[in-house]
1. Select, from 87, 66, the only residue that is closer than 17 Å to residue 156 by Cβ and in contact with a strand residue (DSSP E or B) (Cβ under 8 Å, 6 or more places away or on another chain).
2. Mind telling me which of the residues 72, 58 ends up being closer than 24 Å to residue 153 by Cβ, touching a strand residue (DSSP E or B) at 6+ places or on another chain (Cβ under 6 Å) and assigned to a helix (DSSP H, G or I)?
3. So which residues in region 121-156 are part of a strand (DSSP E or B) and over 12 Å from the mean Cα position of the chain (by Cα)?
4. Tell me, please, whether a residue that is in contact with a strand residue (DSSP E or B) (Cβ under 6 Å, 6 or more places away or on another chain) and at pLDDT 95 or above can be found in region 179-189.
5. Can you tell me which residues in region 1-37 are modelled with pLDDT of 95 or more, assigned to a loop (DSSP other than H, G, I, E, B) and touching a helix residue (DSSP H, G or I) at 6+ places or on another chain (Cβ under 6 Å)?
6. Can you name every residue in region 112-159 that is over 14 Å from residue 64 (Cβ atoms) and either modelled with pLDDT under 95 or buried (at least 18 other Cβ atoms within 10 Å of the Cβ) (or both)?
C-alpha cells in the first residue's frame, strides 16, 4: 500500500535537508545489490530523524537494526562533533558493508557497532540516550520499547519504524496462514502505546509508519 503520492514525496524531499552524497551512494548500492533493500529508511525519514536530533539537541543515539548503515550514517551526520551513536545488529555481513561507508565519512567516528541478538545487546549498553530508533525484528518490538524506555534521557524520544506494515495493521485480523507473521506483533505494539497513560505517542503515516514516543513528565 502506497501511503503518499510519489510526486508529493519527491517534492518534499527536494525542499528538505537530506543526508550527504555518501549516504546517497550507500542507498543506491544497497538498492542495487542487497537483498531486502526495502528496509532502507530513505531520504524523507532520514530528514525527519535529522530534524528531531537537532530539535532536542541529541548527543547520544541508540539504533536497533543497522542493516547496511544508511540510517546510522544519516543520523551521525546530524550529531555534534562529540556525539555518539551505538547501533545494534545481528548480521555481520551487512554491517561490514556499513563500516566500509562509515570509514569514508568524517562522521563515521561517532558510530559504534555492536553485533549480536538485539535483546542481549540492548541489555548490555549503558544509557542514557537522547534518541532511540527501533527498526529491527518486529517480533521483539514490545521488549525493545520497554528496554529503550529504561535507557531514555529526560529529554529523550523513541522512534519506531514500520508500524503500519504496508497497511496490514488496518486490515481485519485473520487466523489463516496467509496472515503476515509480523502483523500481530506490530498491532500489539501500537495498541500498547496507545493505551499507556505514561507515554505521549504520535503515529505518523510517513513511508511505512513511524511511531514517535516520549515519556510524559507532567
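1. 87
2. Within the list 72, 58, the selection yields 72.
3. Residues satisfying the conditions are 129, 130, 152, 153, 154, 155, 156.
4. Scanning region 179-189, I find no residue that is in contact with a strand residue (DSSP E or B) (Cβ under 6 Å, 6 or more places away or on another chain) and at pLDDT 95 or above, so the answer is no.
5. Within region 1-37, 16, 17, 18, 19 meet the criteria.
6. 130, 156, 157 - these are the residues of region 112-159 that are over 14 Å from residue 64 (Cβ atoms) and either modelled with pLDDT under 95 or buried (at least 18 other Cβ atoms within 10 Å of the Cβ) (or both).
Residues are listed down the side, and each one gets a yes or a no for (1) part of a loop (DSSP other than H, G, I, E, B); (2) closer than 15 Å to residue 49 by Cβ; (3) in contact with a helix residue (DSSP H, G or I) (Cβ under 6 Å, 6 or more places away or on another chain):
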position	(1), (2), (3)
160	no, yes, no
173	yes, no, no
187	no, no, yes
203	no, no, no
208	yes, yes, no
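The values are calculated or read from the model by the stated rules, or taken from the named source; none is laboratory data. Note that the coordinates shown come from a computational prediction; the quantities given were computed from them, not determined experimentally. Heads up, the Cβs are rebuilt from the backbone with ideal geometry, glycines too, and the neighbour counts pull from every protein chain shown.
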